[in-house]
Amino acid sequence: MSNQQKLILKNLLVFGVSTAFCFVVGFLYNSEMSEEPFEEATTLFFIMAFAGGITAALVSSIADIVLNKKEEPKAGERTIEQIKEDLGRRTKECSKLQGQVDESKNRVLALSSLMVSLSNMAKVVGSTLDPRKVIDITMENVIRNLKATKAAIILVDPDTKVMTLSKNVGWDAAEIQAFSEVVGEGIVGYVVERNEVVDADALKSDPGLAQMTKFSGKKTYICAPLSTSDSVVGVLNIESVEKKEGKPSASSEEMRLVTILVSLAAMAISNARMFKKTQEWATIDALTGLNNRRSILDFFEKEMGRAEKEGHDVAFFMSDIDHFKTFNDTYGHAIGDLVLAEVAGEYSKVSREGDLAGRYGGEEFVQILPATDKPEAKKMAEMLRKNVMAARYQTEAGILSVTLCVGVSSYPEDGSNLKEVMEAADDMLYVCKESGRNKVCVRGFDKIDEVVSLKIKTDRLKNIDGDKAKESQKVLNALLISKGRWEECKQIEGEPEVDFKAIQDGGGAAPAQVQAAAPQQAPPQQQPPQQRPPQQRPPQQRPPGARPPGARPPGARPPGARPPGARPPGARPPGARPPGARPPGARPPGARPPGARPPGARPPGARPPGARPPGARPPGARPPGAKPK
């Protein structure tokens with residue numbers, strides 16, 4: 001109500017009160033105080049009261065005008081009411097601004113938390129190649145920034161397209177056990193197949209998605225693919241979040257946040273997978289899928305250190321496919337490669353957790369078995385050998401099969417490094433091949449004979465010193481001929497070809513390469529562990545035709561030798577009998593002449609005493625035909 005309206009209302013109230021007061025006072029005075037009351041006083045009193053009311057109202061109005069003029073502010077000044085109104089308006093505006101400030105503050109805090117999360121995410125993407133760390137920090141950001149109460153990260157295998165549950169929050173054991181997602185089926189499979197983001201609004205607006213949700217019984221808040229430019233590596237499925245006021249579906253800010261998170265996560269997981277594949281290319285043999293030589297060396301070095309700390313053995317065995325060169329020459333390298341890959345698969349089957357199987361080169365495979373003694377390693381090797389022997393490989397040339405030789409050694413018993421342990425296992429491969437192939441031989445359990453020992457020595461010298469290898473081959477040839485195994489002898493490069501069979505049969509002269517080797521002794525069968533053979537000095541070279549020190553000239557007899565045809569002292573001349581010898585035909589003393597009977601002998605036909613003549617009956621016997629009494 002304005003001031004003017006208030007003044008009018010006040011003056012009317014003064015007029016009414018004054019009129020009533022004058023009328024009542026006049027009436028009482030006329031009736032009670034006057035000695036001669038005036039009979040027609042009512043109208044008069046009413047007129048007088050009305051006049052008094054008007055007078056009072058005029059006086060009040062004049063007083064208000066006078067007072068208002070005194071209180072009227074100067075130019076530019078406001079009244080108290082105006083100030084109050086202004087204060088009320090400003091208070092409302094301040095309250096509104098405070099709400100906006102609080103909202104902005106919350107948004108700034110949320111953005112600050114988001115920036116910290118994204119910064120941490122970016123650091124992980126740039127600093128780690130472990131997909132587990134990427135998945136963990138992605139889930140942490142989803143919980144912190146989206147207030148998720150139930151969510152999961154599902155990875156997709158790039159080759160098989162099989163989906164696996166990698167990380168979950170809010171799932172119970174039954175849900176984890178029953179997890180089964182297929183590309184193209186359900187919400188998660190739909191997102192992987194279409195590479196699209198699906199939220200709660202899309203589930204309601206799209207009849208196909210709504211039907212899919214109804215059929216599977218699973219709901220989603222946001223389901224977004226973890227995708228790169230060329231593939232989908234996984235899915236982030238947020239099923240529920242903390243209750244919030246207003247719209248129950250995802251906001252635009254949440255959708256942007258999820259998009260950023262899944263992009264960073266997909267990039268990091270893809271980089272980690274690429275790095276892992278690169279590592280596999282560097283450590284895995286492309287043909288067989290087993291570890292290559294470099295990874296074998298690294299693994300054995302690591303296991304040697306662990307064995308020294310924990311005090312256990314590291315078993316090692318090396319295998320070689322029997323007659324594989326002949327197999328390749330017969331069936332071709334394509335079928336040979338197929339068989340190599342199949343044999344490698346048998347290695348994978350017998351490998352335990354913690355073991356390492358690898359292809360060392362060609363048809364040679366190795367396996368390292370940490371914390372395993374030789375008897376246990378032999379069991380594993382026998383299992384491998386039997387599996388390979390029983391396997392049949394379907395090829396273009398028909399159904400084929402191969403066998404294995406396996407040599408077993410152990411660290412530190414048979415060597416202080418991989419080279420020595422491998423040489424010990426390789427020695428046992430020689431033993432397997434010399435004893436019929438398709439078997440397992442263990443260092444220290446199976447004997448290395450002198451032939452095998454010389455073969456091992458000769459083969460190793462070929463890569464070290466060619467001259468020493470030739471000398472060793474001469475020794476080996478002589479030893480083989482002495483054992484009747486001429487077919488195993490080898491010709492020596494750079495020297496005339498030798499007929500070893502003729503030498504063994506005695507029909508040919510032994511050449512120098514065999515004669516020189518005859519008096520030498522074969523090396524010992526087996527050296528004690530951790531000992532290396534002493535360094536051999538090269539033989540002294542004599543000029544051509546020179547005799548070694550102490551050698552006799554051609555035709556010279558050694559001291560004390562008899563000339564040809566001479567008899568040694570005390571020897572009898574030809575035909576002479578030694579003293580006391582009987583001449584031919586003489587009987588020794590006491591011998592009976594031919595036909596003589598010894599003393600007491602009966603002449604031919606004589607009966608011994610008491611014997612009955614032919615046909616005589618014994619006493620008491622009945623004659624033929626007589627009846628008994």
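The values are calculated or read from the model by the stated rules, or taken from the named source; none is laboratory data. Only a predicted model underlies this, so the values are computations on that prediction, with no experimental measurement involved. FYI the Cβ positions are ideal-geometry reconstructions off the backbone, even for glycines, and counts take in every protein chain you see. When the accessible area is computed, the model is the full protein with side chains, heavy atoms only, and any ligands, DNA or RNA have been set aside. Shrake-Rupley method; radii C 1.70, N 1.55, O 1.52, S 1.80 Å.
I'm checking my understanding of the structure. Among residues of the range 113-135 that are open to solvent by 60 Å² or more (accessible area, probe 1.4 Å) and part of a helix (DSSP H, G or I), which one is nearest to Lys167 (Cα to Cα)? Checked the range 113-135; the qualifying residue nearest to Lys167 (Cα to Cα) is Arg132. Condition test on Pro496, is it at pLDDT below 80 and either open to solvent by less than 30 Å² (accessible area, probe 1.4 Å) or not in a strand (DSSP E or B) (or both)? When the stated conditions are applied, Pro496 does not pass them.
Of the numbered criteria (1) open to solvent by less than 80 Å² (accessible area, probe 1.4 Å); (2) more than 30 Å from Ile399 (Cβ to Cβ), the one Glu308 fails is (1).
Looking for something touching a residue at least 40 places away in the same chain (Cβ under 8 Å) and surrounded by fewer than 21 Cβ atoms within 10 Å (Cβ to Cβ) - is there at least one such residue anywhere in the range 478-487? Scanning the range 478-487, I find no residue that is touching a residue at least 40 places away in the same chain (Cβ under 8 Å) and surrounded by fewer than 21 Cβ atoms within 10 Å (Cβ to Cβ), so the answer is no. Could you go through the range 477-484 and let me know if any residue there is within 30 Å of Glu376 (Cα to Cα), part of a loop (DSSP other than H, G, I, E, B) and modelled with pLDDT of 55 or more. No, the range 477-484 contains no residue that is within 30 Å of Glu376 (Cα to Cα), part of a loop (DSSP other than H, G, I, E, B) and modelled with pLDDT of 55 or more. Listed by first and then second residue, the pairs with beta-carbon distance under 6 Å, at least 6 apart or on different chains, first residue in the range 284-296 and surrounded by fewer than 17 Cβ atoms within 10 Å (Cβ to Cβ), second at pLDDT below 90, are Arg293/Tyr360. The set of residues from the range 148-202 being without any contact (Cβ under 8 Å) to a residue 40 or more places away in the chain, open to solvent by less than 20 Å² (accessible area, probe 1.4 Å) and within 25 Å of Glu253 (Cβ to Cβ) comprises just one member, Val198. Being open to solvent by 20 Å² or more (accessible area, probe 1.4 Å) and touching a Lys or Arg at 6+ places or on another chain (Cβ under 7 Å) holds for only one residue in Gly332, Gly361, Gly345, and it is Gly361. Can you tell me how many residues in the range 427-475 are out of contact with any helix residue (DSSP H, G or I) (no Cβ under 8 Å at 6 or more places or on another chain), modelled with pLDDT of 85 or more and of a type in the set (D, E, K, R)? Final tally of qualifying residues: 2. In the set (1) in contact (Cβ under 8 Å) with a residue 12 or more places away in the chain; (2) part of a helix (DSSP H, G or I); (3) within 24 Å of the chain's Cα centre (by Cα), Glu382 fails one condition alone, (3).
Given the residues Ala522, Ala518, which is the only one that is open to solvent by less than 30 Å² (accessible area, probe 1.4 Å), part of a loop (DSSP other than H, G, I, E, B), at pLDDT below 80 and not charged (D, E, K, R)? Give the steps one after another, and end with the answer.
Details: Ala518 fails: open to solvent by less than 30 Å² (accessible area, probe 1.4 Å).
Unique residue meeting the criteria: Ala522.
Identify the residue in the range 418-429 that is of a type outside the set (Lys, Arg) and more than 16 Å from Ala377 (Cα to Cα) and, among all such residues, is most open to solvent (accessible area, probe 1.4 Å). Spell out the reasoning first.
Going residue by residue through the range 418-429, those that are of a type outside the set (Lys, Arg) are 418, 420-429.
Imposing the further condition that a residue be more than 16 Å from Ala377 (Cα to Cα) reduces the set to 418, 420, 423, 427.
Details: Leu418: 12, Glu420: 37, Glu423: 64, Asp427: 14 Å².
The qualifying residue most open to solvent (accessible area, probe 1.4 Å) is Glu423.
When Gln279 is tested against (1) touching a strand residue (DSSP E or B) at 6+ places or on another chain (Cβ under 6 Å); (2) open to solvent by 80 Å² or more (accessible area, probe 1.4 Å); (3) not aromatic (Phe, Trp, Tyr), exactly one condition is not met: (1).
Per-residue answers, yes or no, for (1) in a helix (DSSP H, G or I); (2) open to solvent by 50 Å² or more (accessible area, probe 1.4 Å); (3) farther than 24 Å from Val498 by Cβ:
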{"position": "Val431", "(1), (2), (3)": "yes, no, yes"}
{"position": "Gly436", "(1), (2), (3)": "no, yes, yes"}
{"position": "Cys441", "(1), (2), (3)": "no, no, yes"}
{"position": "Ile448", "(1), (2), (3)": "no, no, yes"}
{"position": "Lys455", "(1), (2), (3)": "yes, no, no"}
{"position": "Ile464", "(1), (2), (3)": "no, yes, yes"}
{"position": "Asp467", "(1), (2), (3)": "yes, yes, no"}
{"position": "Val475", "(1), (2), (3)": "yes, no, no"}
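Results for (1) on the phi > 0 side of the Ramachandran plot; (2) part of a helix (DSSP H, G or I); (3) β-branched (Val, Ile, Thr); (4) at pLDDT 80 or above, shown as yes or no for each residue.
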{"site": "Val188", "(1), (2), (3), (4)": "no, yes, yes, yes"}
{"site": "Glu196", "(1), (2), (3), (4)": "no, no, no, yes"}
{"site": "Leu203", "(1), (2), (3), (4)": "no, yes, no, no"}
{"site": "Ala210", "(1), (2), (3), (4)": "no, yes, no, no"}
{"site": "Lys214", "(1), (2), (3), (4)": "no, yes, no, no"}
{"site": "Lys218", "(1), (2), (3), (4)": "no, no, no, no"}
{"site": "Cys223", "(1), (2), (3), (4)": "no, no, no, yes"}
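Only residues that are of a type in the set (Gly, Ala, Ser) and under 20 Å from Ile153 (Cβ atoms) were counted in the range 99-125, giving 2. Gly415: outside any helix (DSSP H, G or I), surrounded by fewer than 17 Cβ atoms within 10 Å (Cβ to Cβ) and of a type outside the set (A, V, I, L, M, F, W, C), yes or no? Considered against the rule, which asks whether it is outside any helix (DSSP H, G or I), surrounded by fewer than 17 Cβ atoms within 10 Å (Cβ to Cβ) and of a type outside the set (A, V, I, L, M, F, W, C), Gly415 comes out as no.
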